[in-house]
There are 2 protein chains.
Amino acid sequence: MDDQHTEHAGPMDDDERAEFTAIVGERYALVDAVDIAPHLVERRGLYQGVTPLVLKPRTTAEVSRVLKLAHAKRRPVVPQGGNTGLVGGQIPFEQGNEIVLNLSRMDQVRAVDPVGNTMIAEAGVTLSRLQDEADRVERLFPLSLASEGTCQIGGNLATNAGGMQVLAYGNARHLCLGLEVVLADGRIWDGLRTLRKDNTGYDMRDLFIGSEGTIGVITAAALILAPRPAARATAFVGLNDLDQISRFFELVRSTSAGALTRFEILPRFGLELVLKHADDMRDPLEGPHPWYVIVEVSGAHDDGLAERQLMSVLERAAETAVVADATLAASQTQDDAFWAIRERLSEVQGLEGGSIKNDVAVPVADVPAFIRAATAKVAEVVPGSRPIPFGHFGDGNIHFNVSQPIDMDKDAFLARWDDVCGAVNEMVLGFGGTISAEHGIGRLKRHLLAEIKSPVEMEMMRAIKRTFDPLNILNPGKVV
Amino acid sequence: MDDQHTEHAGPMDDDERAEFTAIVGERYALVDAVDIAPHLVERRGLYQGVTPLVLKPRTTAEVSRVLKLAHAKRRPVVPQGGNTGLVGGQIPFEQGNEIVLNLSRMDQVRAVDPVGNTMIAEAGVTLSRLQDEADRVERLFPLSLASEGTCQIGGNLATNAGGMQVLAYGNARHLCLGLEVVLADGRIWDGLRTLRKDNTGYDMRDLFIGSEGTIGVITAAALILAPRPAARATAFVGLNDLDQISRFFELVRSTSAGALTRFEILPRFGLELVLKHADDMRDPLEGPHPWYVIVEVSGAHDDGLAERQLMSVLERAAETAVVADATLAASQTQDDAFWAIRERLSEVQGLEGGSIKNDVAVPVADVPAFIRAATAKVAEVVPGSRPIPFGHFGDGNIHFNVSQPIDMDKDAFLARWDDVCGAVNEMVLGFGGTISAEHGIGRLKRHLLAEIKSPVEMEMMRAIKRTFDPLNILNPGKVV
């Protein structure tokens, strides 16, 4: 609950509901408990919101009219896409006066241009559909997330989503050329440019990207397409320690240059959890190793170059004792199996009892030292807890998740969430890192923001919020 | 002159001058006409400013104190780097009440990290020095401009500089991870992060990048280093028409993927000017061709791959009649000679009489149609004028410069500046393009901004300006 809410409209009466309903039509103004339920919970189960109305507009003009009315009524609005966010940004608060503005019906791909390598899509288009649209014209839309079948590009941009291919292609921010945004008072900004270069005034686009629906509602985006790699080579690599990972990363990066597309790490304990909870999985390597890297090199052509590059890196790494063991995927099936291990990691943690999540980043060079320090610290805070630091080593972005001690009560462990995250965050900040690398701030980390940002930066962010949303009706109580 | 100036401090008295001087020391507070002269003109000779004082602070703290005092006095301040800007943003107005805040003495490279591939440099470090620093640790700082020996990274970021390698590495914005900025009232924002991913609140960094010193003074930046290519292959290619350029670009891009690092075009008339005015140049090809491309493919290793890739592209292009003739640089000397043609293009236009400059971009797919349309239009406006559309084809960024008719008076031709630019801009906007792709708005194009931006975007930009510089003391009358 947030004291900034006090000036907002309270409970919604029938007249106001009718006014909002008239904008999108009765069918798309949900009030029935069963209909609205999926919009009020998120998958980690941290938040359960309340709303008098879920609106599903079809057009930018409808979104504009909704916000114009909300502005007049001082009715707070929570923008929502595929509802896959992990920090609660897309869920209304419990007091029940916030409208949910769900963008799912804005699902048109407005244009695909394989010559200019751009496409324009509305906010509600799912990420996997964008990938398919790109594929259809032999291009790649490189954003890739575990939730890609459900998450929507509007939400991806509002949260500046990351994922496994950031190393090669950047995060959502880097894949966007222009935006269409409805402002808090309903004005529409048409910034849907498909230009590679445009130095005409302030960069408004990047201000909205990552602002988590607190200063505007993204309704459409101009996106970048990349050439589609014709070949991919993947290896599953066993290593003895964290410093070997650093050396191996440097070796792959310097050898394969722009061809390195993924470099993910997981500890032995992570692999063990996958093997234990997922029946169809097997250990790709003979013996156990403390750490694993799954590495992918891509090639523009199906000429075996990617495979040769990766093979040659692995040979050099083996010769110089930088890796302990490695296996190259010999088929697409094997390739899929390697990546399935990585993709199942989040799910199996839930099957192993309580799991405390951290989405942090430090400078790439400091990742090994950070993981060692945080592991030691967490062992002090909850003895017997089992860290699974995994993820995007090449970006310095580690999901430093911690599974509960084997014999501990799940709720008792989860009650230590703030202590464990506090310990990890302390280490992160010591390395000049960030407590939210890709998931955002939302509601989950909002209370931490003032601790990690300087007063000047907090003042700047609050000034932006006041400037763009003076009545504080856009996702109030989130981020700033 | 700008009506927003009216609330500013007028002529500077000795007391005020003494207060500012005390901050940086007498030696670095320039008042002598000879000392300040280089800071009041820019190389195109479009503007000649007047100032009572040029301040050259050495530290961020000094910049902060200068702005705190300026804020208290309502004294307008023009931030200035290497003074290579092409739109007058770094030059004070003629009324003579603006201080010039020159950042040249802030020239420390604070850190270079070849593992994390980052470096931190102060605003006054020249671009070529940053390239050298990167080279020293076997890395590449990929920003590259004709003015790199003189321009400074603070100015590069304030103007979001582009150049020839944007195609492969992005513009200044894409090479920056964090900033240190002094705000209009002297507060210091330390946003010098070296993280690859950080989703904690609004993206303040990108708001300052490209804002041309109107909402804050960049004093230092955390920058991205790239792997240094070990090999480069360059070809000089002759083509029959603009559509061939499109097909050739597509061929190179699809064949060489991430290895394509430069793709510049120039018309025959551009080459002729270089051959005419630069004694040491020769035509790399046997016969004349209407268009030329200089294309570069880079390789991570010195293993001949880049050369083989480019050779194979050229063979395929010749087989399918996509290019008319081509020659691959056989030595570094020849490589340099090819690029020298491109680099001399700007200079030789000045030797050919009056030259009207346009820095525009359209979607990449529309470049041929745009060049044809603008050429026809300009011929209507000034019959006999000679367009030289050249530049960064792969970004859609064309410098549509126009040389005067052979027998026309130079001043009479230059008096048509607005007509010629207006005609070109009309074509640009028809293709959804931008009237300033990389040079910015500054003073030169400020009057055009409201014509090309929607009222909503203008309102957003003005709101940003008011929020960050409520007294309008930072580079007033520039950009917004």
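The values are calculated or read from the model by the stated rules, or taken from the named source; none is laboratory data. Please read these numbers as outputs of a predicted model, since none were measured by experiment. Cβ coordinates were reconstructed from backbone atoms using ideal geometry, including for glycine residues, and neighbour counts include every protein chain displayed. Quick note on the areas: whole protein, heavy atoms, side chains included, nothing else; ligands and nucleic acids left out. Shrake-Rupley method; radii C 1.70, N 1.55, O 1.52, S 1.80 Å.
A compact table of results
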{"item": "Test for A:Gly81: is it at negative phi, open to solvent by less than 30 Å² (accessible area, probe 1.4 Å) and of a type outside the set (A, V, I, L, M, F, W, C)", "result": "yes"}
{"item": "Positions within the range B:98-146 being within 19 Å of the chain's Cα centre (by Cα) and of a type in the set (Ser, Thr, Tyr), in sequence order", "result": "B:Ser104, B:Thr126, B:Ser128, B:Ser144"}
{"item": "Test: residue in the range A:209-228 that is at the interface with another protein chain (Cβ under 10 Å from one of its Cβ atoms), within 30 Å of A:Pro57 (Cα to Cα) and without any contact (Cβ under 8 Å) to a residue 60 or more places away in the chain", "result": "yes"}
{"item": "Of all residues in the range A:1-46 being in contact with a Phe, Trp or Tyr (Cβ under 9 Å, 6 or more places away or on another chain) and at pLDDT below 95, the one that is most open to solvent (accessible area, probe 1.4 Å)", "result": "A:Met1"}
{"item": "Residue, farthest from the other protein chains (Cβ to nearest Cβ), within the range B:172-185, restricted to residues that are in a loop (DSSP other than H, G, I, E, B) and open to solvent by less than 10 Å² (accessible area, probe 1.4 Å)", "result": "B:Ala184"}
{"item": "Pick from the range A:202-238, criterion touching a Pro at 6+ places or on another chain (Cβ under 7 Å) and in a strand (DSSP E or B), ranking: surrounded by the most Cβ atoms within 10 Å (Cβ to Cβ)", "result": "A:Val217"}
{"item": "Leading residue by the ranking (least open to solvent (accessible area, probe 1.4 Å)) among those in the range B:351-367 that are away from chain A (no Cβ under 11 Å) and touching a His at 6+ places or on another chain (Cβ under 9 Å)", "result": "B:Asn358"}
{"item": "Complete set of residues in the range A:192-204 that are in contact with a helix residue (DSSP H, G or I) (Cβ under 8 Å, 6 or more places away or on another chain) and either more than 7 Å from chain B (Cβ to nearest Cβ) or among the β-branched types (Val, Ile, Thr) (or both)", "result": "A:Thr200"}
{"item": "Filter pass, B:Asp325 being in contact with a Gly (Cβ under 6 Å, 6 or more places away or on another chain), charged (D, E, K, R) and open to solvent by 30 Å² or more (accessible area, probe 1.4 Å)", "result": "yes"}
{"item": "Residues of the range A:373-413 that turn out to be closer than 30 Å to B:Leu225 by Cβ and open to solvent by less than 20 Å² (accessible area, probe 1.4 Å), as a count", "result": "13"}
{"item": "Residues (open to solvent by 10 Å² or more (accessible area, probe 1.4 Å) and either over 21 Å from B:Gln165 (Cα atoms) or touching a Leu at 6+ places or on another chain (Cβ under 8 Å) (or both)) located in the range B:332-350", "result": "B:Arg342, B:Gly350"}
{"item": "Answer residue from the range A:424-442, given it is small (Gly, Ala, Ser) and under 24 Å from A:Ala379 (Cβ atoms) and is farthest from the chain's Cα centre (by Cα) among those", "result": "A:Gly430"}
{"item": "Wholly enclosed helices (runs of 4 or more DSSP H) of the range B:248-358 bearing at least 3 residues more than 29 Å from B:Trp417 (Cβ to Cβ) and in contact with a helix residue (DSSP H, G or I) (Cβ under 7 Å, 6 or more places away or on another chain)", "result": "B:305-319"}
{"item": "Filter result (of a type outside the set (Gly, Ala, Ser) and either assigned to a strand (DSSP E or B) or more than 13 Å from A:Glu459 (Cα to Cα) (or both)) within the range B:186-199", "result": "B:Ile188, B:Trp189, B:Asp190, B:Leu192, B:Arg193, B:Thr194, B:Leu195, B:Arg196, B:Lys197, B:Asp198, B:Asn199"}
{"item": "Test: B:Arg129 is within 14 Å of another protein chain (Cβ to nearest Cβ) and either open to solvent by 10 Å² or more (accessible area, probe 1.4 Å) or in contact with a Leu (Cβ under 9 Å, 6 or more places away or on another chain) (or both)", "result": "no"}
{"item": "Enumeration of residues in the range B:25-77 that are over 18 Å from B:Gly216 (Cβ atoms) and in contact (Cβ under 8 Å) with a residue 60 or more places away in the chain", "result": "B:Tyr28, B:Ile36, B:His39, B:Leu40, B:Arg44, B:Leu46, B:Tyr47, B:Lys73"}
{"item": "Residue satisfying condition, being part of a strand (DSSP E or B), open to solvent by less than 10 Å² (accessible area, probe 1.4 Å) and among the aliphatic types (A, V, I, L, M), within set B:Ala121, B:Ala111", "result": "B:Ala121"}
{"item": "Candidates A:Leu285, A:Leu314, filtered to the one that is touching a residue at least 40 places away in the same chain (Cβ under 8 Å), open to solvent by less than 40 Å² (accessible area, probe 1.4 Å) and over 25 Å from A:Val166 (Cα atoms)", "result": "A:Leu285"}
{"item": "Any hit, the range A:154-168, residues being more than 8 Å from chain B (Cβ to nearest Cβ) and within 30 Å of B:Arg443 (Cα to Cα)", "result": "no"}
{"item": "Residue in the range A:459-479 that is more than 24 Å from A:Ile91 (Cα to Cα) and either open to solvent by 20 Å² or more (accessible area, probe 1.4 Å) or under 23 Å from the mean Cα position of the chain (by Cα) (or both) present", "result": "yes"}
{"item": "Qualifying residue in the range A:443-454 (condition: surrounded by 15 or more Cβ atoms within 10 Å (Cβ to Cβ), more than 21 Å from the chain's Cα centre (by Cα) and under 29 Å from A:Arg75 (Cα atoms))", "result": "no"}
{"item": "Flag if A:Ser246 is free of Cβ contacts under 8 Å to residues at least 24 places away in the same chain, open to solvent by 30 Å² or more (accessible area, probe 1.4 Å) and of a type in the set (Ser, Thr, Tyr)", "result": "no"}
{"item": "Elements of type helices (runs of 4 or more DSSP H) in the range A:368-480, at least 1 residues being without any contact (Cβ under 8 Å) to a residue 24 or more places away in the chain and more than 10 Å from chain B (Cβ to nearest Cβ)", "result": "A:410-414, A:417-430, A:446-452"}
{"item": "Scope the range B:131-148; condition assigned to a loop (DSSP other than H, G, I, E, B) and farther than 26 Å from B:Arg43 by Cβ; matching residues", "result": "B:Val137, B:Glu138"}
{"item": "Test result for B:Arg139, open to solvent by 10 Å² or more (accessible area, probe 1.4 Å) and more than 26 Å from B:Arg342 (Cα to Cα)", "result": "no"}
{"item": "Filter result for the condition that a residue is open to solvent by 50 Å² or more (accessible area, probe 1.4 Å) and among the acidic types (Asp, Glu), over B:Glu296, B:Glu264, B:Glu307", "result": "B:Glu307"}
